[in-house]
1. As a test question: what accessible area, to the nearest 10 Å², does I30 have when a 1.4 Å probe is rolled over all protein chains in place?
2. Based only on Cα atoms, what mean projected area does the convex hull of segment 1-160 have, in nm²?
3. How would you order 359-365, 454-460 from highest to lowest mean count of nearby Cβ atoms within 10 Å?
4. Quick one: the Cα spread of segment 92-179 along its three principal axes, in angstroms, biggest first?
5. Under unit Cβ charges (Lys, Arg +1; Asp, Glu -1), what dipole magnitude, rounded to 20 debye, does segment 108-238 have relative to its Cα centre?
6. Starting from the residue with the highest accessible area, list R510, R310, R321 in decreasing order, probe 1.4 Å.
7. Suppose we look only past 25 Å in the calculated P(r) of segment 429-543. What percent of the Cα-Cα pairs does that tail hold?
8. Output the 0 to 90 degree angle, nearest 10, between the alpha-carbon long axis of helix 164-176 and the longest principal axis computed from the alpha carbons of the chain.
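The values are calculated or read from the model by the stated rules, or taken from the named source; none is laboratory data. A quick note: this is a predicted structure, and the numbers were derived from the prediction, not measured. Virtual Cβ from ideal backbone geometry, glycine too; neighbours counted across all protein chains shown. When the accessible area is computed, the model is the full protein with side chains, heavy atoms only, and any ligands, DNA or RNA have been set aside. Shrake-Rupley method; radii C 1.70, N 1.55, O 1.52, S 1.80 Å.
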Amino acid sequence: MAGLGLDGERRSGKEVRAENVTATTAIANIVKSSLGPVGLDKMLVDEVGDMTITNDGATILQRLEVEHPAAKVLVELAQLQDSEVGDGTTSVVLVAAELLKRGNELVKSGIHPTTIMSGFRLALKEAVKCVKSTLMVPTDELGDEAVANAAKTAMASKLLAPHDEFWSRLAVDAVRSVRTETADGKARYPVSAIHILKAHGKSSLESELVTNGFAINACRAAQGMPTVVKDAKIALLDFPLQRHKVSLGVSVEVEDVAEVEGIRQREMDITKERVEKILAAGANVVLTTKGIDDTCLKYFVEAGAIAARRVKKEDLNRLARATGGQVAVTLADTEGNETFDPACLGRAASVGEERVGDSEMIYIRGTANTKATTVVLRGANEFHLDEIDRSLHDVLMVVKRVLESAAVVAGGGAVEAALSIFLESFAHSLGTREQLAIAEFSEALLVVPRTLAVNAACDAIDLVAQLRAHHSAADPNLKFTGLDLTNGRTRDNLKAGVLEPAISKIKCLRFATEAAITILRIDDSIKLNPPPPQDPMRKRRHR
């Protein structure tokens with residue numbers, strides 16, 4: 001690097017590709033054993049001793065402090081799959097790492113990276129076409145059970161699996177309860193409208209779904225306030241309600257001691273006027289992200305209003321969308337006066353405080369604007385509740401994707417095995433060098449059924465061979481054949497109810513291919529050395 005005048009280290013060609021493959025394979029090996037319904041959990045402990053126990057691929061990779069640039073691509077890939085689909089995060093990492101490894105082997109054989117990338121893109125295009133035309137099944141043909149079965153498949157590897165009937169019903173009801181329609185009449189199911197609260201105590205089976213309502217982890221600020229308010233008008237504030245005080249740095253000189261009492265009284269009056277402006281606008285419920293002092297609480301108690309403090313900002317924003325209100329950040333208007341616009345008030349049928357577990361929560365029911373739903377999770381401890389929360393989020397996302405796309409595919413390695421056979425046949429029909437890349441692409445897809453079988457303590461070679469034989473038979477009745485990992489055999493997973501959103505598989509293929517191509521394009525790595533620390537004595541001498 002001296003010739004370029006740069007202080008750093010340069011690696012190129014085979015060396016940088018081998019390093020990238022090693023890094024991505026290491027990441028894939030970390031999450032590999034967590035794939036499938038019998039996958040194992042990982043325990044992650046951070047620098048301060050906080051522990052996370054999970055088998056969710058995105059969570060595992062997010063908690064890792066990954067430094068290698070190529071490995072970071074896979075971490076971001078898992079997070080993208082998690083945010084887009086909610087499930088398939090481990091699969092997408094495994095497929096991407098396998099594609100990269102096989103692509104690197106082709107480069108070693110003398111195939112140019114551009115040819116490999118072209119072949120991968122062609123294989124992706126044909127694979128997506130095959131999924132949409134042959135392997136995808138509309139949910140209308142399978143009935144309502146298809147949505148519940150997709151939810152059960154998503155939670156098969158989660159903590160929720162032993163009680164999948166209860167959780168699948170809760171997830172489907174929660175997502176359907178927030179259904180909205182776009183301007184062009186398409187149904188949308190915003191998962192952000194489903195609020196998840198965690199409360200210690202009781203069994204996880206005693207978790208409840210609060211439909212057309214909203215719950216926040218807060219309680220009344222004073223015991224003298226009513227426990228329930230009907231026809232609620234809710235003021236959503238992002239500023240404290242405290243006694244007005246003269247600003248810091250402002251000094252007031254008085255000649256008479258009696259005038260000090262007058263200043264104090266005026267401060268009290270200003271505070272009272274602020275509260276009265278909010279109450280005069282019609283508010284009978286006040287929620288703020290900041291504090292409320294005793295002076296203000298007295299006025300709310302006298303008015304018969306409910307006030308709650310220290311409400312989370314994201315809860316307040318979500319509540320504003322649900323009730324049709326607006327979050328007020330100040331009482332000051334454009335003319336410098338203090339006013340509270342009644343249009344900022346949110347509306348709900350009732351607001352009340354209810355006891356859940358060891359604490360109280362405020363429930364807002366019958367929100368005016370959009371439907372809102374809250375799931376109150378119960379569990380033994382924080383680790384248990386956190387894992388239920390992560391698992392339920394994945395299941396909710398899967399249900400949302402199935403309802404919006406109205407199409408599913410068979411799970412248990414059925415899609416990967418079918419695409420492997422299809423792409424292998426397609427590769428043989430080509431007379432160009434891309435044939436080699438497509439053949440490797442088809443082999444790479446088998447990493448999913450192979451890993452599923454290994455994690456289930458089955459004979460992976462035997463099961464994958466059976467799976468390929470069924471899909472090679474060209475029998476339309478066998479195209480949904482996948483793995484039955486409980487009994488260690490193959491079966492028709494469509495009839496068995498092992499279903500996944502079609503969009504999950506399509507996005508998994510696209511994301512994995514693009515990630516592999518992104519890393520495969522790299523043929524040069526330049527790492528600059530950090531600048532040496534300057535001597536402070538030398539700085540002074542220069543001055």
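1. So the heavy atoms of I30 present about 60 Å² to solvent.
2. Working: hull surface 54.8 nm².
About 13.7 nm², averaged over all directions.
3. Order by mean packing, descending: 359-365, 454-460.
4. Here the spans come out as 55, 31, 21 Å, largest first.
5. 520
6. Heavy-atom accessible area, descending, gives R310, R321, R510.
7. 48
8. Computed tilt is about 60 degrees.
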